[in-house]
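The values are calculated or read from the model by the stated rules, or taken from the named source; none is laboratory data. Since the model is a prediction, treat every value here as computed from it, not as a measurement. Methodologically, a virtual Cβ is constructed for each residue, glycine included, from the backbone with ideal geometry; neighbour enumeration extends over all protein chains shown. Calculation scope for accessible area: heavy atoms of the full protein, side chains included, ligands and nucleic acids excluded. Shrake-Rupley method; radii C 1.70, N 1.55, O 1.52, S 1.80 Å.
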Amino acid sequence: MPAWGWLALRTEIGVRLWGLQVVARALRTVWPEQAVWLLRKYGASIGQEPDINPPLVIHYALGDFSHLTIGSGCHLGKEVLLDLCDRVTIGAETTVSMRVMILTHLDVGRSPLKRAAFPRRQAPVTIGAGSYLGAGAIILPGVTVGKFAVVGAGAVVTRDVPERAVVAGVPAHVLRTIGPEQVRG
């Protein structure tokens, strides 16, 4: 048990009484190393030397955080929202800037639009190794962002992003491609 045993005890009791939402709430107020410990304890797979900066918003985790995989050396900025209704995979050495939203499901709830126009759907999201997601970008369900890709700040990514592509806009579109000589590693 880590040195912050009070956190372990408080979350364990809270999870037994009220469910995983207690951990999701704790991820909004803990220190970075505590966030990593909580995510791993409740099922997330996280590589070495992560840089996770709370507050971290976890939405729709079903029983545990096993739908979340974060590679080694990743950076998650403040107020990142991860929708864990389906699998979210973030490759090694990826930067997910502040206020990025990674969504894995669409559900219009009780709206009459649900019947025909927008039925509930979910799909995994994969962010390739070495990628960069700019502040406030939104990644929609089913999208794969290729290795070494750049998603501009505020972009809404509705379809797959090729490897080494630079995309921006609403909806995001390819602006240019990064040459292999411009990628280290």
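Descriptive notes on the structure:
- Just so you know, in the stretch 85-95 the residues that are more than 8 Å from the chain's Cα centre (by Cα) and not basic (Lys, Arg) include one that is most open to solvent (accessible area, probe 1.4 Å), and it is Glu93.
- Test: residue in the stretch 53-63 that is under 23 Å from Thr94 (Cα atoms), in contact with a Gly (Cβ under 9 Å, 6 or more places away or on another chain) and not small (Gly, Ala, Ser): yes
- Among the residues of the stretch 67-93, those identified as among the β-branched types (Val, Ile, Thr) and farther than 17 Å from Arg25 by Cβ are Thr69, Ile70, Val88, Thr89, Ile90.
- Residues within the stretch 99-151 that are in contact with a Ser or Thr (Cβ under 8 Å, 6 or more places away or on another chain), of a type in the set (S, T, N, Q) and part of a loop (DSSP other than H, G, I, E, B), tallied: 1
- Every test in (1) closer than 23 Å to Ala137 by Cα; (2) at pLDDT below 95 is passed by Val23 save one, and that test is (1).
- Residues of the stretch 119-133 include at least one that is in contact with a Pro (Cβ under 8 Å, 6 or more places away or on another chain) and open to solvent by 70 Å² or more (accessible area, probe 1.4 Å).
- Any hit, the stretch 65-74, residues being part of a loop (DSSP other than H, G, I, E, B), buried (at least 17 other Cβ atoms within 10 Å of the Cβ) and touching a Pro at 6+ places or on another chain (Cβ under 6 Å): yes
- The set of residues from the stretch 1-50 being in contact with a Gly (Cβ under 8 Å, 6 or more places away or on another chain) and open to solvent by 40 Å² or more (accessible area, probe 1.4 Å) comprises Gln48, Glu49.
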